[in-house]
Every structure is written in structure tokens, then in C-alpha cells.
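What follows draws every value from the coordinates through simple rules; no lab data is involved. Worth saying up front: this structure is predicted, and the values here are computed from it rather than measured. Please note: Cβ atoms are built from the backbone with ideal geometry, for glycine as well, and neighbour counts cover all protein chains shown.
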């Protein structure tokens, strides 16, 4: 009798394909034939090698092919070799000389936690790894060991390897294997205590580093967006692809109000107090900075896990409201020395597809139509004829290309690892050079890492040492938007081939002041410096002791020391000093330096207890942290010679020395209890208490907690043997807090700055109270509610998941206006609240799974909807609302109203251009039409946040080839198109314009136009709904093609001792399709990248 089923997995690793297989008293050769048909493999063996007449009985469910085959073969004297094209070869084991036998070893291999036997475990000789046996159906084994063998090495899929020294009693040995904590498919990596997937009630997404690198080999954070729709990198339309601009993230929307950007030095030093919606970053169990994550070598990344709801993040308590990103790096491999090298070479090209500017002929004609050149004025016509002749001579300068380049990027990573089961080591170095698309801008990083792991009996000790240095240079060519404004009929250089400082004083009509047009390329001839540099050293130490098989204690410590600096020098000849006559005030130098030092210490205990169908897990942890930083900023003037490029040559200080210092300390205590019954029902409860120096003295220790439940419905009898392979319902509720606060926001602060002069009667300087402290200031807290459903059909061929969350953040830390009698305008208080809710959806399917032809095609689509509602605001924000309401020009400023969206766009309603007069018609609040713009008429006109965003992905495998595609999309956002204002209506004829300014303008012959008539100095168009457009956007994020070389097929690789070799070609940020057209990358252009990656392992 034969019964079987198979669960599809990646064909590259077909020996781990999950199958269900049952036979009763069947001959071994017939069993192999049945197994070959079920799993679509081919067996090659000689009947003389094995006992084909042996009757086999086996009954396994959802086990790997390698496991099932090991049970079937039992003590047959063959080794199994898994080859390409799903070919399995049985090779006879070399015979051992009986005279050389010195040991006969027997025993049993069991699970250290459950005490269950482990059939199919591998036992090999340490000095002769080609010789060994596997355990039988009862986990038992017997092996004859020849002379010269010191130990046996025991391994099993999903368990830590063990090494058994051949000393003492060698019969009836009991070998206990511990489950691997880092098996991504079986556990959730939380950064503290790993959790079994079957019992984890939290919301998470976990992605292997290899999958991320396939989509984007240089930026794994961008690739992460493809796998989780709720995680988004906020597009910075000003910074574009600037390699030195730190990205900003959103994970399930905003939880804080009124964020502001941090400066370069703040970001370098890990200060995110001005980015309160930043998620928490954890690297190998310790909190880290965005700077370190951005510069982390992608080759070191083992996995990235996103923790999203209270049940998943509550263990991080006061810092978890924005979500947690957990990065795990690769652990050292055992065995002889393994040397791996990876290289990525790329080409980056500027993406200017969204710029639609006039050429030289169009721009001059536009000026003529605008009435700039009066036919009766000789000077006007001479000016026109001069540039007309220039155009006829071929002058049509494409200014956008002048500050740009097509650079070559490269990254290299070299590592050496090895050791035995007791001591493992890994030493790695990496170097990355990332020039930007603006000339002379770049980011260069270097790193060194040393990883040591010692494992002996009850002890597991690990130490990671990392050094990194990053240097960034900003372009001396200035802001890119400067070049988009220059007229194309200007020459780049004069007749002598030199850059001119002043192109012209351009007239814009009679009775108006001329516009001075300078050449931005003039500045690149002179010394210029605009750089940032960061150096850090981090050491992480972890000591774990298994007191009992189910009781472990861990002590860990982390130290980080860092320095940062930024410098900006401008020559005396820079156009910024054109109007300055005093030589001692020409030239400037701004310099800032800072230091950081942080340490963290924690101790934890982990206990597991199994009683029949009951599984109880308990985890406790205590931690203490301290972060110190200080910085000094200097600003000077007067560098009258271009050889004077050092700060020491400054004539005078521009302003007094300023800087800052911060020290923050925190203590936390965590307790967590998990219970699971029969692998079907589970519950989690977590509680954490946090105490921080950032808050008031009366606050005390703040509690943060969560409770969650999970029901594995597919484990129920009524779903057994059905087409439903996975069905899970889970939910959680809890309270978490927010990170990124200023260190002294609750403390009374004094300053000497305004009283730095001696008093006649005393030698003491005075101090002035700068701010009132708030001893009752505490954390803002987020109440997290979530529920999710996961289901899969047809052996996981079709997968769905849906989750809903509702997060209410209360006691926001905002400025509150005080009475005038207090003497201060504001103080920080716990006021304000925000509601954040949404839905995450994910669908994926294995469309093709052809084992015979080795073809596999997977497609996935996900989406997220998020809504933010302001529940309560402070009076300071109400005052800000009034100021923002009065704003007339530029894009609409944020206005927060209680009960309304956090991202609503307020502006005056427009009915378009009046065909009769060419004036804009506005709609008042009472519904009346008017030509007069009034701030009182501003009303909410939509939401700048998309209604839906997500991604579409596809993965195609054919033999050793792989092709991956990634798209992201956003739907339903209301975007204010500033390009229509700046480059069509409000721009002066002195500058270049968008081509739409030629034909889409009102005139007596074009009364149905969208935009006002042409004016020489531009219109003074105020903001209105006419420029507010609905944006639906599809981004072709990535495409990659890879090939994996099998050394068994390419013999020259074996001769070079190459264990694996893979090549991957990728394109990223390929194209953007949008329903609106506006200029992107205003200060620094966006870019496309083309990369070729090589990864090779020598052993």
C-alpha cells in the first residue's frame, strides 16, 4: 500500500521538499520507484549496492525528502548525493579495514527539549566526513570508527550541530540536539528571544537577505518595500537620489504630529528627535542607528524582520510605537577555511524624463509672444536679433546635463570563516564607492568585522566587533534647480573658453528691475568643500548558559563609540559674495564636530516546559542603556586667498561658538509568558516597565504591555487532509511608546549666552532661565489593536493574508502656549492624540511548478490602506494652523483639525480660468463665485496620502536561471503640482519654462486654456485647487536576472576549489508612470542604476 503527497519548494534545494509518504511492507526498490514518481526525481544506483529485497514500512507527514530517504535507506552502506536536475545518486561507502577498527559506537539522537527521537540524523567521522551513518526510525545508530578519528559530528536539519569526543563509554550514548534559533522558516527573529511561528500571535514580515539582494543588490531597504506594503520609504522630491541624504520611513502610517527634518550632523550622530515617526532599528539584538543600517554591507545580512503590532513589538516598550526592524547578520560557518568574495559593479544614470523644458528657439519665441521685445525699440530688437543669431549658430545649451555625470559604482566584500563546532570565527572587510549623478558628489564607506563564537557543552559565547567609516561629499555644482531655470540660448563659456561669472542683467520689460543671471558653473573653478564623515566602533558580547535543557540565561553587552564631522568651505570668488566689497568678509567656512558614546547591558532568562500537549515558554529580561553625545559648530568669514582653504586662515568668526550636549539613560524590565496547546491554540502576554531620564521626575516607571492569541485552524481535525494547507486567525491588543525625544525636554534649562560679560561688582557670570521644566512630562503611548487572517490552499500553492490595525496614540509631546505672566511662550506637555488605522492585504501564488522541466513561477500582489485622524491638538498647533491658513503662495501648508485627516490638503476651491477675462474664478465658502482670493475660503480638498499603496512581484526559475521583477504602486493621492505654478504661471520670462507654458495659456484666441495669460514678470497666482491633482503612480522598481554555476557541471570551478558561484544583473528605479506630470528631483535628480553582481565561495 502506498499513499503520498508533496509540498512544493524552491527547486534549487529540492532535497528539502516537504512530502507526506506512507508504505507498508514494500520492497526497497519499489519504494524508491514510488518516491521517484511522487517527487519527480531520478535515482541512480546499482542493485548490488543495497538490499533491494528488504521490506520497508514508513509513515511520515510533511517531512523533507532527505529525511524520508534517510529513514528508508537506514543502515544501507551507501551515501546519498543530490545532483542538479533532480538526480539522486547512491554511492557505495569505502570499506574499512577490519584490523584498523578501534571503536564501536552506538546510541540514540534525541531532541534536547521534547526528548523525541530524531530519525535521519547524520553521524559522520570528524577527520573523514565522507564516512558516516544516519539514525533509524527510532533515532538509533551504530558506527564502526577506525583509528585516527577523534570525534563524531552529529547534525540534523533545523538543529544545532553537536560534536561527540570519542572518550569514555561509547555504547548506548544519548546525544541531545538543540533546535536552531535562527531557522527563519520555523521561528520569528524578534531581536531578543526567538519565537516559534506556530505560537507567535504578532504581525510580522520576515525576508531573507538573499531575496532582498535579488531585487536590489545595493539598497536592501528599497527592496523591503516589495515584501511589505505597510513599509514605505518616503519619496524626497528635493533630495532625489542624493547618496548622502538619509531616507525617511513610514511603517503603518504616522503616530506623531508636526515632524521636522534633522540636519546632517544630527543624522550622523543618531539623533532622530526631529523624525518622531522613525521605526526602531535592531541589529543582532542591539539598538542601532539609521546611519549604520544604510551603510551595512548587504552581503552580511542574513534576514530582515519587520515587527508591526503590539504583540510583536511590546518587548521594546517605550520605543516600539513606530514598529521595529530587526536585522540579523550571517553567523560563521564551520569546517575548514571558507573564503567568500562578492563584488557589485554598477552604472548610475540621471533620470530627467519628468523635465519638459523649452529649447532655445521655443524660449526666445515665447519671450517674443510675451511682448518682451518691442518692435519700435532698437535695444529690444538688437537683443532679440543677437540671441536669434546665436540660435542659428547652433547654440541650444542643455543646461541640465552640465552638473551631471554617469558614474560607475562598485562595492567589494571579502570574508574568511571557519572553525569547528566548539570555536567558529569570521573575519570580513568591505568597501563601497557610490558616486552620485551630480559631479563630485559621492559616498564612500569602509568596514571591518570580526565575529567569534565559542560553543562548548552548556556555554555559548559570541563576540562581534565592527568598525565602519563613511565619508560623503556634496557636489560643488550647487542645487540642480538652478540649472533648470537657465535659458538654453546662453553659452556655457565666453569666446575665450572661460566660465563667466555674470551671464547678463536680463530685462523683463519697461519699468521693471533687471534680473541678474549668474553662471553656476563659474563656482566650480575655485576651491570648494562640502563633506560629512562618520567613524564608529561597535562591540557586542553575548554569553549564554544552558543551565538545563529547557532553561537558559543570557548576559549581553554592547559598546559604541563614534565621531562625526561636517565641513563647508566657499571660496572668496563664489557667486554668493558677488555684492560683497569687503575683502575680509569674502569666503566662508562652517565646521561642526561631534562625538557619541553609548553602552547597553542586559540579562535575560528563557524557560520552556512541555507537558504532553501543553507548551509553556517564559522569558524575562532586564536592560540598562546610556547615550552621550556632544557637538560644536563654528562659522567663520574672510578667506581672501584661494590657497587659504583651512579653517585656521579665517579672518573672523561669523558668530559665536555654539553646540549642544546630551545624555540620556534608560532602564527596562521585560516579562513574557506564552502558552500553546496541541499546536492549535496559543496565547502571549508581555509586560515591560521603562524608566528614562528624558521625562519628568514625577513620571516614574511607565508600563507597556500586550496580550495576543492565535488559532491554527488548519491543525483541527475537520480540516485535515483537505485542500486547506494553512488557516490561522490571530489578534492582539497592547500599549507601546514612541522613541526619538529630546534628552532635556522635561528639565529647566539655563543659558549664559545672553549674559556673557563681567559685572563690575563681582567676577561671577550670570545665567538666564531659558525654559520651564515639566516634572510630570511622560511618554506618549499608543494603544495597538490588530486582527489578522492567513490562509493557504493546495499545499501552499495559493496564499492569502489580511490584517486590520487600529492604533490610538495619546499624550503626544507637543508645545503648549502659556499665559504671558509666566514669562515664557511655551513648554512641552503631554497633549494631543492621533488615530491611525488601516488594512494590509497580501496574495501570492505558485503559478507554475514543473519539476520535470525545472520551471517555477511565483507571482505576488500586496496592498495597504492607511488612514490618520487627528483626535486632539495643542493650542500651539492651533496657532500654527491660523498662520498656515493665511499662507497665500507656494504649496498648501499642513493644517491639523480635530476629527480630520492628518494629511488633508487645505486650499481655496477654483473653478478654472474665466474664458472672458482670463482671470481665475474662486468659490467662496458660501458657494458664491469670485475673482478675489481669500484665505477664509480655504477648505479641505483631499488627502495627500494615497488611499492604497503596495507592490507587485514575480519570480521565475528555470534550472539555474532566475528572473525577478518588482513594481510598486500608489493610488488616490491628491498632490499639489508645484511645477504648474513655478514653471508655467508664476515664473518670470527671465528663466526657462515648462513647454506647457507655450500653448496652454489664455489669450483671446485660446479662451479655454487651463492657465493664465503670459506676463513678463510672471503671474502672482495664489494656491488653489486648480493645481491639486489626483495622482495614481506605478513604479517599475527592479528587474534582475541571475545564474548559479554548479561546480559539479563546470569542472574548472572544482579545480579552482570554488564551492559556489553566482552572477546577477539588475536594473533599479527603471521607470515611473504617473497620472500627473511634475518635475522630480528638484535639488538633486533621481537616477536609474544598472548593476552586475558576482558572488563566489572558495573552500
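The mean of 1/r over all distinct Cα pairs in the stretch 986-1050, once inverted, gives the Kirkwood hydrodynamic radius of 16.6 Å.
Take the Cα of residue 481, step 7 Å toward its Cβ, do the same at residue 198, and the gap between the two points is 5.8 nm.
Counting only DSSP beta bridges with both residues in the chain, the antiparallel share comes to about 95 percent. As a length-normalised measure over Cα pairs under 8 Å and 6 or more apart, the relative contact order of the chain settles at 10 percent.
How far, in degrees from 0 to 90, does helix 378-392 lean away from the longest principal axis of the Cα atoms of the chain, to the nearest 10? The two axes meet at around 30 degrees. Length gained on full extension, residue 785 to residue 852, computed as 0.36 nm times the residue gap minus the Cα-Cα distance: 19.4 nm.
The angle between the Cα long axis of helix 875-886 and the main principal axis of the chain comes to about 50°, on a 0 to 90 degree scale.
Estimated from the Cβ-Cβ distance and a Förster radius of 60 angstrom, the FRET efficiency linking residue 632 and residue 172 is about 0.30. The simple spin-label model puts a point 7 Å past each Cα toward its Cβ; for residue 543 and residue 422 those points are separated by 1.9 nm. Computed over the stretch 405-501, the convex hull of the alpha-carbon atoms projects to a mean area of 9.7 nm².
Between 0 and 90 degrees, the angle of helix 360-369 with respect to the longest Cα principal axis of the chain falls at about 40 degrees. Based on the Stokes-Einstein relation at 37 °C and a viscosity of 0.692 mPa s, and on the Kirkwood radius from alpha carbon pairs, the stretch 741-897 is assigned a translational diffusion coefficient of 154 µm²/s.
Can you work out the base-10 log of I(q)/I(0) for the stretch 813-965 at q = 0.10, 0.14, 0.15 1/Å, using the Debye formula on its C-alpha atoms alone? Log10 I(q)/I(0), no solvent term: -0.64, -0.86, -0.92.
In this entry, the stretch 295-413 is assigned a mean projected area of 16.0 nm², taken as a quarter of its C-alpha convex hull surface.
Starting from the Kirkwood Rh over alpha-carbon pairs, what translational D in µm² s⁻¹ does the stretch 894-974 have by Stokes-Einstein at 37 °C and 0.692 mPa s? Here the translational diffusion coefficient equals 198 µm²/s.
Candidate values (i) 1.28; (ii) 1.08; (iii) 1.50 were compared with Cα Rg over 2.2 N^0.38 Å computed on the shown model; the agreeing label is (ii).
For the listed peptides 308-316, 712-720, 324-332, a ranking on the average number of other beta carbons within 10 Å per residue, highest first, reads 308-316, 324-332, 712-720. Sorting 245-254, 167-176 by their mean Cβ neighbour count within 10 Å, with the most densely packed peptide first, gives 245-254, 167-176.
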